[in-house]
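Structure first, then comments.
The values are calculated or read from the model by the stated rules, or taken from the named source; none is laboratory data. Computed from a predicted structure; not experimentally measured. Every residue, glycine among them, receives a Cβ derived from its backbone with ideal geometry; neighbour counts consider all protein chains shown.
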Amino acid sequence: MASCRVPLVLLACGSFNPITNQHMRLFELARDHMHSTGRFEVVGGIVSPVSDGYGKQGLVPAKHRISMAKLALQSSNWVTVDEWESQQPDWTETVVTMRYHHGRILKEYEQSAGRHSDASEKFASPSSPFPQLKLLCGADFLSSFKIPGLWLDDHVEELVQRFGLVCVSRGSLQPERAVHESDTLFRHRRNVFLVREWVRNETSATEIRRALRRDQSVKYLIPDSVIEYIHQHELYTEDSERRNEGTALRPLIKQAHQPIKSLDD
Amino acid sequence: MENPTTSKVVLLACGSFNPITNMHLRMFELARDHLEDTGQYSVIKGIISPVGDAYKKKGLIEASHRVEMARLATESSEWITVDSWESQQSDWVETSKVIRHHYEELLAREHNRDDVDTIKYTKKRRIEENYIASSVHHRKRDGPQLMLLCGADVLESFGIPNLWKQEDIAEIVGRYGLVCVTRSGGDPHKFINQSDDLWKYRKNIHVVHEWVTNDISATHVRRALRRGRSVRYLLPESVVRYVQEHSLYSAESEQKNADVVLAPFQKYSDASTSG
């Protein structure tokens, strides 16, 4: 019997520098929430680390960030790491990454629809609705839409209208406010799913890196396998934190010549 | 290699551990980093001592499960262990007694480890007696120290009437020592300031500030489980599996002891208190 739930894949873009338990929590919280709406069935999760071209301060090479994410997600049976974005020659706009994955997922769906006898296919029944891809993020991400030059208006529009957002609240940040303060987000608010995280867990990769520089323990904040990897490769030192110091973020440069309207229209 | 100028410390955490979470484990890591950072201490061991079922806290599931989950959680730790002595006692045991028990065990082990040197042992005992006699200042001791590790909520619970005996509080902070890891929303310094007992022994109270708020409470975890929500990455993977395999934490389990009085209140409210 075909379920009328929409198959849903969640995509998280970010530095993952390094990946933390909190990143992985986002997926768990989002899945629970989307299931509880009764409208979706979450069939997959994708962690897509940003490429080195992003130019963020303290960003260690993508190959390490990918390896660590893979180690962290070894025990997950539904979230995987994807290297496509990190392998592109230049920094890739989030919307471009989404278009790529969405295209891939649709293709998989079409192929499996033609082989509906295979029970292991994600999209088991030929009559199940088209799968959707939504961007998974924390509330701080939503607030970043306001930063001049970081996002193109058209991209934000496509992101919320065509794909959709699943946003997990973080600390005292209220994503409802970001939605309220942006006409674009407000217009497509039905496609912006806000997930409340009641446990205040401010583990951030920035804090993790700081602790590592100071030789403080990060056990139980990131998986043991990732801690081991970091020590083996001597990542996250004062030197690594100074990488890209003084360099502007790639999006700001790449999008500088584009007309930028304020989002507060 | 042991640094001869540092005191050896063992950290003891008492509590329900219902269930154990990553936050409990973080407390140990933070405390160890903090104490060793002072240059005065060398933390050699951590002990998790889950409370016995006789504590009668609402929602407290069987000690056997709680001890096993703590064991699974600390498998990957080189220095944190679980001790089931407290949980195996038929009556509820005051924290001060648990501390005393573990301190005596610690001394006994140290004694056995020393070469048969009665002079050194006698000297240690004399120093210890002198220490107990003098009440105010913290002093570096020859022998290992046992300190109670807790969150700010436990420190502040010292103020709840009939939950603790005043002489027990005095013994814990005066004779042993407290390492208090602040949880968001508490102000341990203010609380210490407002209590004469605590103020007197403030040098024995080490306040550790969590640089990252990590509010994973066992209450929240139990609530999430009741509602069929994921608790992955809040607890160690092996504990998540154990909870699932044994179907622990339901609406029913949360009602356990719902109409029963908590053991300390029962004990200290009784006319005859043996202590």
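Figures for the structure shown
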item: Matching residues, region B:192-213, being touching a helix residue (DSSP H, G or I) at 6+ places or on another chain (Cβ under 8 Å) and either over 30 Å from B:R175 (Cα atoms) or within 13 Å of chain A (Cβ to nearest Cβ) (or both); result: B:V208, B:E210, B:W211, B:V212
item: Condition met for A:F186 (in contact with a His (Cβ under 7 Å, 6 or more places away or on another chain) and in contact (Cβ under 8 Å) with a residue 40 or more places away in the chain); result: no
item: B:S77 touching a residue at least 12 places away in the same chain (Cβ under 8 Å), in contact with a helix residue (DSSP H, G or I) (Cβ under 9 Å, 6 or more places away or on another chain) and closer than 22 Å to B:R26 by Cβ; result: yes
item: Residue list for region A:212-226, restricted to those being surrounded by 21 or more Cβ atoms within 10 Å (Cβ to Cβ), within 11 Å of chain B (Cβ to nearest Cβ) and not in a loop (DSSP other than H, G, I, E, B); result: A:I222
item: Filter result for A:L142 (away from every other protein chain (no Cβ under 14 Å) and in contact (Cβ under 8 Å) with a residue 12 or more places away in the chain); result: yes
item: Residue match in region A:151-165 (condition: buried (at least 16 other Cβ atoms within 10 Å of the Cβ), within 14 Å of another protein chain (Cβ to nearest Cβ) and at pLDDT below 90); result: no
item: From A:K56, A:K63, A:K70, residue being farther than 20 Å from A:E197 by Cα, assigned to a loop (DSSP other than H, G, I, E, B), more than 11 Å from every other protein chain (Cβ to nearest Cβ) and within 18 Å of the chain's Cα centre (by Cα); result: A:K56
item: Any hit, region A:40-53, residues being outside any helix (DSSP H, G or I), over 15 Å from the mean Cα position of the chain (by Cα) and at pLDDT below 95; result: no
item: Check on B:K190, modelled with pLDDT of 90 or more, among the basic types (K, R) and over 18 Å from the mean Cα position of the chain (by Cα); result: no
item: Per-region count, region A:99-126, residues more than 20 Å from A:F40 (Cβ to Cβ), modelled with pLDDT under 60 and surrounded by 14 or more Cβ atoms within 10 Å (Cβ to Cβ); result: 1
item: Subset tally (residues that are closer than 22 Å to B:V9 by Cβ and away from chain A (no Cβ under 14 Å)) for region B:154-189; result: 18
item: Any hit, region B:32-39, residues being free of Cβ contacts under 8 Å to residues at least 40 places away in the same chain, surrounded by fewer than 22 Cβ atoms within 10 Å (Cβ to Cβ) and touching a helix residue (DSSP H, G or I) at 6+ places or on another chain (Cβ under 6 Å); result: no
item: First in region B:214-241 and more than 10 Å from chain A (Cβ to nearest Cβ) and more than 14 Å from A:L29 (Cβ to Cβ), second anywhere and among the aliphatic types (A, V, I, L, M) and surrounded by fewer than 16 Cβ atoms within 10 Å (Cβ to Cβ), Cβ under 9 Å, 6 or more apart; result: B:R226/B:A251
item: Set B:E68, B:E62, B:E86, B:E78: member being within 14 Å of chain A (Cβ to nearest Cβ) and not hydrophobic (A, V, I, L, M, F, W, C); result: B:E78
item: Within region B:206-218, tally of residues that are at pLDDT 90 or above and within 28 Å of A:H35 (Cα to Cα); result: 1
item: Segments classed as helices (runs of 4 or more DSSP H), wholly inside region B:161-270, with at least 3 members that are surrounded by 14 or more Cβ atoms within 10 Å (Cβ to Cβ); result: B:166-171, B:188-194, B:196-200, B:218-226, B:237-245, B:263-269
item: Unmet requirement for A:A62, which otherwise passes all of (1) in contact (Cβ under 8 Å) with a residue 60 or more places away in the chain; (2) crowded, with 21+ Cβ neighbours inside 10 Å; result: (1)
item: B:R222 modelled with pLDDT of 90 or more and not aliphatic (A, V, I, L, M); result: yes
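For (1) over 22 Å from A:F193 (Cβ atoms); (2) within 14 Å of chain B (Cβ to nearest Cβ); (3) of a type in the set (G, A, S); (4) touching a Cys at 6+ places or on another chain (Cβ under 6 Å), each residue gets a yes or a no:
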| residue | (1), (2), (3), (4) |
| --- | --- |
| A:M34 | no, yes, no, no |
| A:F40 | no, no, no, no |
| A:G44 | no, no, yes, no |
| A:D52 | yes, no, no, no |
